[in-house]
Number of protein chains: 2
Amino acid sequence: MNPKRYLPILQWLPHYDRGTLSSDLLAAVIVTIMLIPQSLAYAMLAGLPPEVGLYASIAPLVVYAVFGTSRTLAVGPVAVVSLMTAAAVGQVASQGGPEYLGAALVLTLMSGLILTVMGVARLGFLANFLSHPVISGFITASGLIIAAGQAKHLLGVEASGQHLPQLLASMMRHLSDVNLPTLVIGLSVLAFLYAARRWLKPGLLRAGVSARPADMLTKAAPILAVAATTLATWALGLDQYGVAVVGEVPAGLPPLTLPGLDMGLWRELFVAALLISIVGFVESVSVGQTLAAKRRQRIDPDQELVGLGTSNIASSLTGGMPVTGGFARSVVNFDAGAETPAAGAFTAVGIAVAALLLTPLIAYLPIATLAATIIVAVLSLVDLGAVKRTWSYSRSDVAAMLATIAMTLLQGVEVGIMVGVGLSLALHLYRTSRPHSALVGRVPGTEHFRNVERHTVETDERLAILRVDESLYFANARFLEDTVMDIATRQPSLEQLVLACQAVNVIDASALESLEAINARLKDAGVMLHLAEVKGPVMDRLQHTDFCHEMTGKVFLSTFDAWQELRGHSDGSLSRRCAEMQRLGTRPDPINDLPQPHPRMR
Amino acid sequence: MNPKRYLPILQWLPHYDRGTLSSDLLAAVIVTIMLIPQSLAYAMLAGLPPEVGLYASIAPLVVYAVFGTSRTLAVGPVAVVSLMTAAAVGQVASQGGPEYLGAALVLTLMSGLILTVMGVARLGFLANFLSHPVISGFITASGLIIAAGQAKHLLGVEASGQHLPQLLASMMRHLSDVNLPTLVIGLSVLAFLYAARRWLKPGLLRAGVSARPADMLTKAAPILAVAATTLATWALGLDQYGVAVVGEVPAGLPPLTLPGLDMGLWRELFVAALLISIVGFVESVSVGQTLAAKRRQRIDPDQELVGLGTSNIASSLTGGMPVTGGFARSVVNFDAGAETPAAGAFTAVGIAVAALLLTPLIAYLPIATLAATIIVAVLSLVDLGAVKRTWSYSRSDVAAMLATIAMTLLQGVEVGIMVGVGLSLALHLYRTSRPHSALVGRVPGTEHFRNVERHTVETDERLAILRVDESLYFANARFLEDTVMDIATRQPSLEQLVLACQAVNVIDASALESLEAINARLKDAGVMLHLAEVKGPVMDRLQHTDFCHEMTGKVFLSTFDAWQELRGHSDGSLSRRCAEMQRLGTRPDPINDLPQPHPRMR
């Protein structure tokens, strides 16, 4: 056991020097400035008090620096996971009360435990259930839901609804209540942030600022918007005119919190915690791998699960919310020159200072400002072009993507992602449940065998050689039964059937039972079953099975061996036995000789 | 469109003659005798009045004769499906009331519609989700639950419980209430049925009766038990001593029934109806295929779905319950000489006569007799040996089987089957998510390339050739990313990487995105990506993608072509470009050049 593997901090801390320190410190300052408004906004999106977002950006970052394997991933609250948190916690508690906060802590702890267990048990492959089209569709739909949900803060109206259509309808009904000062603030911030994205960087570049500082300044636009609108609201007393503000935020370091142990609540939140864990992990690991590759570094996905899991556990113990690696802030961190996860720990110090000292200043921060920040961030997640790109490549993938988008919009995040995963699995099984197989014949004068439909080959009406081009497992086992019995029915003179297995890497228990059924049914039909070209590891396992003893035929090394021997023995022993029985006027007793279809039902 | 395909009755009815008629009539008489006690017993198992079992054995058999493709399958209520019916309907209505009966009709109709739609849409592959180990474990566990549930009727005590442990505990608590006459009847029938199974047939054979009649007589043992105990109960007035009896059963033909259209109820029952449909179909098709093979006949699984679906629709319209092909009775039907599905229609006539005339006679039929019949039938379903057999062959299959058994016993049939399906899918994905791949080198002096770890081959430190032995799809896409980046990290001198794709039959959209990510990350690391031996259909689709244009390297026809060209160009264009950029003191802008990890999150 290599401690460096389980404590990645040991890989870089011993070599830490002044140069690294100054790079990391600079990156930390820049990420802190970007993270403050994001933390507040995503806490609001999750339906939690703003300070919870700050708390979730302190301890988790320090813990990730110890256990995480990415050198530059910036951990904290992110949009999609915050939306999923709101959806999950909203089902068990009503927003604003202490139960809501408590349930969010439980959700965070569960997500942390799930991730850690998955990492320790090396279950990272579970994330493979989320195909790219599903996660892409899911994030697009989430972005639309989040943007629609924030629009009400921009308008200053009440609105509620479980899913997108209800939410929009509710907003329409309250449209007359729109608060003008709120709308002005919201639209100004929206316009400013879009302008900053579009014109600030080119403008700075033209003004002679070099590329990196220009980019950094652009990323700081949200904090400028926060400062300006807070100041304006305070100076003009806009809260008196109906502008909703963040209000009193307690100053101080994160509290120690102990998530509750109510088993009923844990059970209710389990599926949500699992989905949040997997979605968060998939996103985080994708960002981490992209950044690591730029410096030829590696991240270890299983250890990464532990890193994110322990971060979430830390978050749940310090009054936080679910966290994961964020895309935009990780890129900023990387580009600002962060060299080690110490940059994350320094960011945590920055946020802690903000939590201690800056909270009194944000009492007058308008909610509309945060809403505009969120809208700008999430609308860039919406990628409807992906539907078109995928459409031109694969119809079944686009079906999974569209189903995920539609169900997420209409039925919510959990149903959406589960339908998408279910459908992509079903489509995959459908594809592999009809594996390519071909009846082959001998290319005259050679030892090669080719598809009888494509080539002029020698065949024998008493012998069929079926080449299967896929591993045999439960999804295609029954298809093989159908295919073989089809051949036996169409070729009444058939006496010998050979399965050529050069492409079969695995035969699972279901396929083994199918082979047994095929063998028994062929036997009843007077046809012997043989195998050829079975790979070593597959044969090793077959040798200890009943099938191997009950098989009416033999296992040949090569298809050619089978061809040579079976053409010679066309009056094989089984058909002789069957002919004999027919002559004697008996036939196999169908009840006692019946190969019990296993499992059976009466 | 071939009408014979969709109306299989057209395949045999035109050729129907007297010989076939007499064979079918004989089989129908024997199956009728067997089916009467089974119908009554399985209706009771489903929590329904006994006549419902009879009704379900009339119209469905006629409809199956029209639409079904098996010549000898005997359709009707079966044990496992009846248990699933009780579990599903019990969750929405309490047993005994009209709501319960109504919900059962809705469940039957839904199951019929689901099966028919699956058949018409050719969705039979969905049954592949049920791997053999899962269905075997499920049926074993169901058999145990059914036997335990019937034990209370044998003892004449009250007991209830959602799952096996509660049921057993409840039975223990009521053990003092045991009714002695009931117990005597129950144990006598149990002993008689076991004795008949074990000794009756050998005894008859020794007495000179030939094999088939001996077997038929053995199968008729339950009807003898029914007759004897009914007579005894009536004659001795045992119902006065606490022996529970079937009671008044209305005589008459099946009523016309219209299942309700309450959408809430439909939604609640949907999952159960889906599971019942799939479990019933898998069992039925397995029996049907086994029997068809004995006469070199074929059954068409998709049309079989239509046959079973329309049978269930018919059942729901005539006061019945869910039906499917039963194992034991189909074997009896086959062995009694049934040649066409007309035997089923004649059986329906027999049951109709029983429903009209015999119902007054069964008022004194003890429940304990039916319970004993069920116990004997279902205990033969319990196949714990399958666990051992599977254990020796495949650990992952045995895990799925044990999980199914445990969850079915502890959490009920629906949870059990879903956990089993989920786990077997997860284990399958786990297996394929780590496809075999090998770095290959050139066998000196040849054009062959072999695994560098197994053979002495030529390699080049600036060139890596990775052979992937599996189709690329979502479950292994990320593994490929890991493998490639691992190679790039471990081989710092690497400049060219070739993916040899001779075994890649499909590249789905997820794998395409992974290839794009691999290409971009390798580019950042100064490594060019090439493909070799791409199959025709795969290349056709790749050609229209962005990946094909963005790929830093080329597509080579053969691995050897790649080897020859890339060894010569070790100072390839990309590494030259990178070297140049380093010389100029710039590097690719990580924000704007960043290949957006797709989908992305901020």
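The values are calculated or read from the model by the stated rules, or taken from the named source; none is laboratory data. The structure presented is a predicted model; accordingly, all values stated were derived computationally and were not measured. Counting neighbours? That spans all protein chains shown, and the Cβs are built from the backbone with ideal geometry, glycine included. SASA here: full protein model, heavy atoms, side chains in, ligands and nucleic acids out. Shrake-Rupley method; radii C 1.70, N 1.55, O 1.52, S 1.80 Å.
Histogrammed with a bin width of 5 Å, the alpha carbon distances of segment B:437-583 distribute as 2, 10, 20, 24, 21, 14, 7, 2, 0 percent, first bin at zero.
A Förster radius of 41 Å, combined with the Cβ-Cβ distance separating B:Leu21 from B:Asp302, puts the computed FRET efficiency at roughly 0.85.
Using Cα pairs closer than 8 Å and at least 6 residues apart in sequence, work out the relative contact order for segment B:67-225, in percent.
With pairs under 8 Å counted, the relative contact order is 13 percent.
Only beta bridges with both residues in the protein assembly as shown are counted; by DSSP, about 50 percent of them are antiparallel.
Coupling constants for segment A:496-509 follow from the phi torsions by the Karplus curve (6.51 cos²θ - 1.76 cosθ + 1.60, θ = phi - 60°), and in residue order they are 10, 10, 10, 9, 8, 10, 4, 9, 8, 8, 9, 10, 7, 4 Hz; glycine and proline get x.
For A:Ser380 and B:Ala406, a Förster radius of 41 Å and the Cβ-Cβ distance give a FRET efficiency of 0.30, rounded to the nearest 0.05. Note on B:Lys294: lysines with a C-alpha under 24 Å away, same-chain residues under 8 apart excluded, are A:Lys523, A:Lys554, B:Lys4, B:Lys201, B:Lys219. Computed over neighbours whose Cβ is under 14 Å from that of B:Leu425, the net charge equals -1, Lys and Arg +1, Asp and Glu -1. The modelled label-to-label distance between A:Ala235 and B:Glu565, using points 7 Å beyond Cα along the C-beta direction, is 6.5 nm.
In terms of Cα atoms, the Rg and Dmax of segment A:3-424 work out to 20.6, 63 Å. Label-to-label distance, B:Met418 versus B:His174, with points set 7 angstrom from Cα along the beta-carbon direction: 2.9 nm. Accessible surface buried by the B/A pair amounts to about 9700 Å², both sides summed, 1.4 Å probe. Calculated mean residue ellipticity at 222 nm for chain A: -19500 deg cm²/dmol, from DSSP H runs with n ≥ 4 weighted as -39500 (n - 2.57), summed, divided by the residue count and rounded to 500. Shape annotation for the protein assembly as shown: C-alpha extents along the principal axes are 108, 80, 56 Å, from largest to smallest.
Between A:Asp540 and A:Tyr194, the modelled label-to-label distance comes to 6.3 nm, taking each label 7 Å out from Cα in the direction of the beta carbon.
Can you give the net charge of the other residues whose Cβ lies under 15 Å from the Cβ of A:Leu542, counting K and R as +1 and D and E as -1? Net local charge, A:Leu542 excluded: -4. For A:Ile223, the solvent-accessible surface computed with a 1.4 Å probe is close to 40 Å², ligands and nucleic acids excluded. Relative contact order of chain B: 21 percent, from C-alpha pairs under 8 Å at least 6 residues apart in sequence. Rounded to the nearest 10 degrees, what's the angle between the helix A:395-411 long axis and the longest principal axis of chain A, both from Cα atoms, 0 to 90? Around 40 degrees separate the two axes.
Computed FRET efficiency, Cβ-Cβ of A:Lys554 and B:Leu7, R0 56 Å: what is it to the nearest 0.05? Write down the numbers at each step before the final one.
Numbers: r = 43 Å, r/R0 = 0.77.
In this case the efficiency is close to 0.85.
With θ taken as phi - 60° and the Karplus curve 6.51 cos²θ - 1.76 cosθ + 1.60 applied, the whole-hertz 3J(HN,Hα) list for segment A:219-225 is 5, 7, 3, x, 5, 5, 4 Hz, x standing for glycine and proline. Taking the DSSP bridge list for chain B and keeping only pairs wholly inside it, about 50 percent are antiparallel.
The local environment of B:Asp397, defined by Cβ-Cβ distances under 12 Å, has a net charge of +2 under the rule Lys, Arg +1 and Asp, Glu -1.
Using Cα-only point scatterers and the Debye equation, what is log10 of I(q)/I(0) for segment A:321-423 at each q in 0.16, 0.21 Å⁻¹, rounded to two decimals? After summing over all Cα pairs, the log10 values are -0.99, -1.16.
Can you work out the PRE-style zone for B:Leu187? Point 7 Å along Cα to Cβ, and I want the residues of segment B:131-165 with backbone N under 19 Å. Within reach of a label on B:Leu187, which here means backbone N under 19 Å from a point 7 Å along Cα→Cβ, segment B:131-165 contributes B:148-158.
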